[in-house]
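Please read the structure below before turning to the comments.
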Amino acid sequence: MKEQPFIQINDLHHKYLRGTPLEVTALRGVNMTIYKGESVGIIGRTGAGKSTLVQHFNGLIRPAQSGRVLVDGQDMSDPHLDVRRIRQKVGLVFQHPEQQLFERLVGDDIAFGLKKLGMEPAARRERVKWAMEMVGLDFDSFKDRFTFSLSGGEMRKVALAGVLALRPEVLILDESTSGIDPRGRKELLERLLTLHHEYGVTLVFVSSNMEDVAGLVERVYVMDGGRVVMSGTTRQVFAQPAELRRYGLGVPQVTEVAHELAARGIPLANLPLTVAEGVDEIWRILNS
Amino acid sequence: MEDFEFLRHITIGQYVPGHSLIHRLDPRTKLSVFLFITAAITFNISYTANTVLVLTMLLLVALSGISLRYILSGLKPALPLIIALAILQLLFYGEAYVPYGMQSRTLFHWGWIHITNGSVQLVIVSAMRFIELFFLTSLLTNTTTLTDITYGVEDMLRPFSRIGVPSHELSLVATIALRFVPLLAEQLEIIMKAQASRGADIAHRGRLQFVRSARQVSALIVPLFIDAFRRAEDLILAMQARCYVGSRGRTRFVRLRFGPQDYVAYALGLVYSVTMLALRHRFPL
């Protein structure tokens, strides 16, 4: 099942403000494959082209310039393609939640996409309820609240629920964990893992927080200057701290500790990526 | 295919870095010449004068080093409006309009529709004027940074502060308003992308489905305004946090200075505009 590619990107280029004196190149030849049912991280410093890339995944930007994007076997440069079908399969949650809520009431905002799909009111209600439970919002107390009176963390949950309600096969989170408090962040990551493991949702996680990436994804792509510069399993990528530092990134703190210990002559058997793994490894050394 | 990149189509107000002669002029010179030529354009109905004005604009564009294609790309979204206005003027304006300095002749008359030589001239000249003003505004804003425009406006209004005109505050208001245009375009892009991501049908909006497009626009306007107010509140806080008190006792790092090229450009602009205004008596057609 994992061998089936869902999103395939070939030599993709993109320029903003194309044809004007203010043209900016955002992508210069990206190659990437995302398989059905996996969880992938895309990391890179600001301006590396991550957001531009993921907007190609659901057809918000179409490959008009050069390169090829295949999503679920469909060529995204085809002008007759029904992008709405693709967007239902590939859900995208943006960076700033307060900028993507547009209805007056929380319930209406989450139901927006379902209404556009023409779903029956009763089924819609059930789906909204499910989506709100998934993100940890109480249906009865939140559905009639004004979206603009919510706190930042609640807005983020509503934005996520609005995308989840469409039951996408692929969920893309573009820096969606930045700016939440530690507990909210932990809860969100746990919910994403549930979605991934229990519902088989493919996760694409764009982040500059190495801890979150390490705890969530199986594979990592590193981007810099509009290109993919490193890729591999999460462990392979975080085993190269010097390269990551060159691209303005780092490794999770636990992994950093392991690299430091190795440099001082105490190599750990396995490179830890999470605190739990780190504790296990250190415990093993202390006991031997 | 839908295109969410609105900034690509807004060329007015977008500074394009460069080192041309026009870029280097003092903003006060540019603003003054802008006003002179605007007057010349506004009060000219003759074909001759407007042809000269269009050619002048092309010359200025060449001098500015900004590509003509870029400026014209900003005109494209306005074309349907210009054409619709031209048709309405042509069909219904003939009866009431008496052209300056010439005999009114009816060219075509059927029911309400009344086309005279005057209304034909009005239509052609209006389109030319629109294009001239568009070029002029593009040139000013493409070659001058917003900061420079603000300083220019503030300095030019300063003499009026004696009679209580708050020149600094007025130019500040204008700057903030202009600064918000690209921000609103960006915000609109984000909201439309968020709606499209959740299945809003933005691609298939028919050109003639006015009611549907209007309803879709209203779904965008409300969040857009809420965001604009939020930004405005943030801006107020930021200004207060930095003890902004207006112009009182405030000095400035950049001092504008007139160079020889400014005197020349100023004089040329003034002479040119007066000549163009005089032309309208010499060549009424």
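The values are calculated or read from the model by the stated rules, or taken from the named source; none is laboratory data. Fair warning: this is a prediction, and the values are worked out from it, not measured in the lab. Methodologically, a virtual Cβ is constructed for each residue, glycine included, from the backbone with ideal geometry; neighbour enumeration extends over all protein chains shown.
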- Does B:L35 satisfy the criteria of being closer than 17 Å to B:L184 by Cα and either touching a strand residue (DSSP E or B) at 6+ places or on another chain (Cβ under 9 Å) or without any contact (Cβ under 8 Å) to a residue 12 or more places away in the chain (or both)? no
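Each row is one residue, and each column tells you yes or no for (1) touching a strand residue (DSSP E or B) at 6+ places or on another chain (Cβ under 9 Å); (2) of a type outside the set (F, W, Y); (3) surrounded by 11 or more Cβ atoms within 10 Å (Cβ to Cβ).
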| position | (1), (2), (3) |
| --- | --- |
| B:I149 | no, yes, yes |
| B:D155 | no, yes, yes |
| B:L170 | no, yes, yes |
| B:L188 | no, yes, yes |
| B:A194 | yes, yes, yes |
| B:A214 | no, yes, no |
| B:S218 | no, yes, no |
- Scanning segment A:137-167 for residues that are part of a loop (DSSP other than H, G, I, E, B) and touching a helix residue (DSSP H, G or I) at 6+ places or on another chain (Cβ under 6 Å) gives A:L137, A:K143, A:R145, A:A165, A:L166
- Message: Restricting to segment A:114-123, and then to whatever is part of a helix (DSSP H, G or I) and within 13 Å of another protein chain (Cβ to nearest Cβ), can you tell me which residue is surrounded by the most Cβ atoms within 10 Å (Cβ to Cβ)?
- Response: A:L114
- Message: Against the definition (basic (K, R), within 14 Å of chain A (Cβ to nearest Cβ) and touching a residue at least 12 places away in the same chain (Cβ under 8 Å)), how does B:R28 come out, yes or no?
- Response: no
- Item | Within segment A:174-232, considering residues that are basic (K, R) and buried (at least 16 other Cβ atoms within 10 Å of the Cβ), the one farthest from A:Q99 (Cα to Cα) | A:R219
- Message: Any residue in segment B:213-231 that is more than 10 Å from every other protein chain (Cβ to nearest Cβ) and in contact (Cβ under 8 Å) with a residue 40 or more places away in the chain sitting within a Cβ distance under 7 Å of a residue that is in a helix (DSSP H, G or I) and of a type outside the set (F, W, Y)? List the pairs, counting only those 6 or more apart or interchain.
- Response: B:A228/B:L184; B:R231/B:L183
- Considering segment B:59-78 alone, what residues qualify as being in contact (Cβ under 8 Å) with a residue 40 or more places away in the chain and not in a loop (DSSP other than H, G, I, E, B)? B:L60, B:V61, B:L63, B:S64, B:Y70, B:I71, B:S73, B:G74, B:L75, B:K76, B:P77, B:A78
- Note on the structure: Restricting attention to segment A:248-275, the residues that are surrounded by fewer than 18 Cβ atoms within 10 Å (Cβ to Cβ), β-branched (V, I, T) and under 14 Å from A:V213 (Cβ atoms) number exactly 1
- For B:L279: the one exception among (1) surrounded by fewer than 11 Cβ atoms within 10 Å (Cβ to Cβ); (2) of a type in the set (A, V, I, L, M); (3) modelled with pLDDT under 85: (1)
- Note on the structure: For segment A:120-152, the count of residues that are over 15 Å from A:L164 (Cα atoms), in contact (Cβ under 8 Å) with a residue 24 or more places away in the chain and not basic (K, R) equals 7
- Message: When you check B:R250 against the structure, is it within 30 Å of B:I41 (Cβ to Cβ), part of a loop (DSSP other than H, G, I, E, B) and in contact (Cβ under 8 Å) with a residue 40 or more places away in the chain, yes or no?
- Response: no
- Task: Using the structure shown, decide if A:P79 is surrounded by fewer than 17 Cβ atoms within 10 Å (Cβ to Cβ) and under 21 Å from B:A194 (Cα atoms).
- Result: yes
- Note on the structure: Note on segment B:40-53: residues modelled with pLDDT of 90 or more and surrounded by fewer than 14 Cβ atoms within 10 Å (Cβ to Cβ) are B:T42, B:T51
- Message: Condition first: within 9 Å of chain B (Cβ to nearest Cβ) and outside any helix (DSSP H, G or I). Now tell me which residues in segment A:96-113 satisfy that.
- Response: A:H96, A:Q100, A:L101, A:F102, A:E103, A:R104
- Item | Qualifying residues in segment A:19-39 (those that are closer than 30 Å to B:Y15 by Cβ and part of a strand (DSSP E or B)) - the one farthest from the other protein chains (Cβ to nearest Cβ) | A:R28
- Test set (1) touching a residue at least 40 places away in the same chain (Cβ under 8 Å); (2) farther than 19 Å from A:L173 by Cβ; (3) surrounded by fewer than 15 Cβ atoms within 10 Å (Cβ to Cβ) - A:T46 fails condition number: (2)
- Query: Considering only segment B:3-15, how many residues are at the interface with chain A (Cβ under 8 Å from one of its Cβ atoms) and either of a type outside the set (A, V, I, L, M, F, W, C) or touching a Gly at 6+ places or on another chain (Cβ under 9 Å) (or both)?
  - Reply: 4
- Sort out which residues of segment A:58-73 are away from chain B (no Cβ under 14 Å) and either in contact with a Cys (Cβ under 8 Å, 6 or more places away or on another chain) or not in a loop (DSSP other than H, G, I, E, B) (or both), and write them in order of number. A:S66, A:G67, A:R68, A:L70
- Query: Within segment A:233-253, can one find any residue that is part of a strand (DSSP E or B) and at pLDDT 90 or above?
  - Reply: yes
- Verdict on A:V220 being in contact with a helix residue (DSSP H, G or I) (Cβ under 6 Å, 6 or more places away or on another chain) and either part of a strand (DSSP E or B) or on the phi > 0 side of the Ramachandran plot (or both): yes
- Message: Quick test for you: out of B:I191, B:I131, pick the one residue that is in contact (Cβ under 8 Å) with a residue 12 or more places away in the chain, in contact with a helix residue (DSSP H, G or I) (Cβ under 8 Å, 6 or more places away or on another chain), away from chain A (no Cβ under 12 Å) and on the phi < 0 side of the Ramachandran plot.
- Response: B:I131
